[in-house]
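Q: Handing you a structure now.
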Amino acid sequence: MDLSALSRGRAIAGAFLLIAALFLAGRYLAGAGSAKEVARPAAAAGELRAEPRARLVVHVVGAVRRPGLYRLADGARIADAVRRAGGATRRADLSLVNLAAPIADGSQVVVPRRAPQAASGSDEGADAAAPGGPIHLNTATVEQLDELPGVGPVTAQKIIDYREQHGAFSSVDDLDAIPGIGPARLEQLRELVAP
């Protein structure tokens, strides 16, 4: 018996078996690795999916057909809230409402009624100062805000700028964030303005 030939044959067979085992193990591991890679893009695609848009809750009151609480998509405008409330009534004065203003969650949208026509034209200036209620911070012009006691044109412009940068006022207390309006001025304005 030739022990070296038998050992050599076994060594070659063992080497082939070892290579085959390594080849199969490599394919198995490569297949398992590609399955993980396939799973990763699926997870990444899940991360890229747009989440449902947040919902805002707003309170629409005044001269609208169906006043009440409404849910709107994030990014909605006052026009969307008025439309959702059935639209404005014939008596609504939409010229006092900035329909393009964005809505903040929890805010109140007030659609004012038109002021009744004055019988005499002599009291016109007094009528313009208080056409039927408080001045609405989310729709007021610089001129309307300037008419408030203690609010000049500079502070009125600061109110408008704050509204444009931060969105609609949700409360009269939001005025406290405006330079030039302190606690005393805020209390003075509380009955004269509405969000």
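The values are calculated or read from the model by the stated rules, or taken from the named source; none is laboratory data. Owing to the predicted nature of the structure, the values given are computational and were not obtained by experimental measurement. Note: ideal-geometry Cβ built from the backbone for every residue, glycine included; neighbour counts use all protein chains shown.
Q: What tally of residues in the stretch 167-194 results from selecting those that are in contact (Cβ under 8 Å) with a residue 40 or more places away in the chain and either part of a loop (DSSP other than H, G, I, E, B) or exposed (fewer than 15 other Cβ atoms within 10 Å of the Cβ) (or both)?
A: Number of matching residues: 6.
Q: Starting from the stretch 53-67, take each residue that is under 13 Å from P112 (Cβ atoms) and list its partners that are among the polar types (S, T, N, Q), counting only C-beta distances under 9 angstrom and pairs at least six apart or across chains.
A: V60/Q108; V61/Q108; G62/T89; A63/T89; V64/T89
Q: Does R8 satisfy being farther than 30 Å from Q108 by Cα, out of contact with any His (no Cβ under 6 Å at 6 or more places or on another chain), surrounded by 10 or more Cβ atoms within 10 Å (Cβ to Cβ) and at pLDDT 60 or above?
A: In short, yes.
Q: Just to check your reading of the model, which residue among A177, A156, A184 is small (G, A, S) and under 24 Å from V111 (Cα atoms)?
A: On inspection, the qualifying residue turns out to be A156.
Q: Let me ask something else about it. Report yes if some residue within the stretch 112-133 is under 22 Å from R66 (Cβ atoms), basic (K, R), touching a Lys or Arg at 6+ places or on another chain (Cβ under 7 Å) and modelled with pLDDT of 85 or more; otherwise report no.
A: yes
Q: How many of the residues making up the stretch 95-111 are crowded, with 16+ Cβ neighbours inside 10 Å and over 17 Å from G68 (Cα atoms)?
A: Count: 6.
Q: Return only the number of the condition from (1) part of a loop (DSSP other than H, G, I, E, B); (2) surrounded by 15 or more Cβ atoms within 10 Å (Cβ to Cβ) that G133 does not satisfy.
A: (2)
Q: Failed condition for N138, given (1) at pLDDT 90 or above; (2) under 26 Å from the mean Cα position of the chain (by Cα); (3) under 16 Å from A63 (Cβ atoms), with all others met?
A: Of (1) at pLDDT 90 or above; (2) under 26 Å from the mean Cα position of the chain (by Cα); (3) under 16 Å from A63 (Cβ atoms), only one is false for N138: (1).
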